[in-house]
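Undergrad: Supplied in structure tokens, the structure appears directly below.
The values are calculated or read from the model by the stated rules, or taken from the named source; none is laboratory data. Everything quoted here is computed from the prediction, not taken from an experiment. Cβ coordinates were reconstructed from backbone atoms using ideal geometry, including for glycine residues, and neighbour counts include every protein chain displayed. Please note that ligands, DNA and RNA were not included when accessible areas were found on the heavy atoms of the full protein model with its side chains. Shrake-Rupley method; radii C 1.70, N 1.55, O 1.52, S 1.80 Å.
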Amino acid sequence: MDASTNIEAAPSPAAPTPVPPQPATHTRPDSPPHICRLPHHPESAGAARRITNTLLHEWDVDDETTHQALLVVSELVTNALEHALPPIVLHLQHPKDDGTLRIEVDDGGPANNKGTWTTSCAPEEHGRGVGIIAFLASAHGTRILAHTVTYWAILPAAS
């Protein structure tokens with residue numbers, strides 16, 4: 001697939017105040033995105049996959065797209081946990097009429113230290129996430145705002 005990368009920049013992020021986990025908001029596919037705040041701990045990657053899987057089944061998204069979305073969500077959330085400050089927020093949107101699935105993960109900007117998984121393994125054992133996302137997504141990129149960095153991907157989705 002031909003994937004494009006888009007980087008949007010704004011002022012450098014400042015250190016945010018940690019936000020406690022918030023319950024997910026449920027929306028219909030033609031509504032604004034489903035938004036879920038995730039705690040900044042390793043279990044959040046699995047929680048994000050479960051939330052995504054449940055929601056995509058509710059939206060009748062096909063199995064292939066669901067599996068691809070789970071990979072993208074896992075990569076984006078894991079990267080936020082390993083390389084960024086809290087908060088972590090997952091956004092999922094499946095607009096009714098355009099045949100796409102939009103996945104976004106917000107974080108609080110770069111952390112000063114790498115996460116425990118990254119520091120516990122050899123360099124060749126990590127660093128493939130962007131390549132996976134580029135292969136699966138029709139477009140992907142980064143949006144940098146004053147207090148938030150958003151990594152996003154758009155997947156073609158059949159329902």
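Undergrad: Might you let me know whether segment 77-92 holds any residue that is among the aliphatic types (A, V, I, L, M), in a loop (DSSP other than H, G, I, E, B) and open to solvent by 30 Å² or more (accessible area, probe 1.4 Å)?
TA: yes
Undergrad: Which one is modelled with the lowest pLDDT, of the residues in segment 131-159 that are surrounded by fewer than 17 Cβ atoms within 10 Å (Cβ to Cβ), under 15 Å from the mean Cα position of the chain (by Cα) and part of a helix (DSSP H, G or I)?
TA: Among those residues, the one meeting the criterion is 131.
Undergrad: Among the listed residues 28, 50, 102, 37, identify the single one that is assigned to a loop (DSSP other than H, G, I, E, B) and either of a type in the set (Lys, Arg) or modelled with pLDDT under 90 (or both).
TA: Checking each option against the conditions leaves just 28.
Undergrad: Which condition does residue 60 not pass, out of (1) assigned to a helix (DSSP H, G or I); (2) in contact with a Ser or Thr (Cβ under 7 Å, 6 or more places away or on another chain), if it passes all the others?
TA: With respect to (1) assigned to a helix (DSSP H, G or I); (2) in contact with a Ser or Thr (Cβ under 7 Å, 6 or more places away or on another chain), residue 60 is out only on (1).
Undergrad: What are the residue pairs meeting all of these: first residue in segment 42-62, first residue free of Cβ contacts under 8 Å to residues at least 24 places away in the same chain, second residue assigned to a helix (DSSP H, G or I) and open to solvent by 20 Å² or more (accessible area, probe 1.4 Å), Cβ atoms under 9 Å, and 6 or more apart or on different chains?
TA: Here the result reads 46/74; 53/70, each pair linking segment 42-62 to a residue that is assigned to a helix (DSSP H, G or I) and open to solvent by 20 Å² or more (accessible area, probe 1.4 Å).
Undergrad: Out of all the residues in segment 110-130, is one or more open to solvent by less than 90 Å² (accessible area, probe 1.4 Å), modelled with pLDDT under 95, outside any loop (DSSP other than H, G, I, E, B) and under 17 Å from residue 67 (Cβ atoms)?
TA: Scanning segment 110-130, I find at least one residue that is open to solvent by less than 90 Å² (accessible area, probe 1.4 Å), modelled with pLDDT under 95, outside any loop (DSSP other than H, G, I, E, B) and under 17 Å from residue 67 (Cβ atoms), so the answer is yes.
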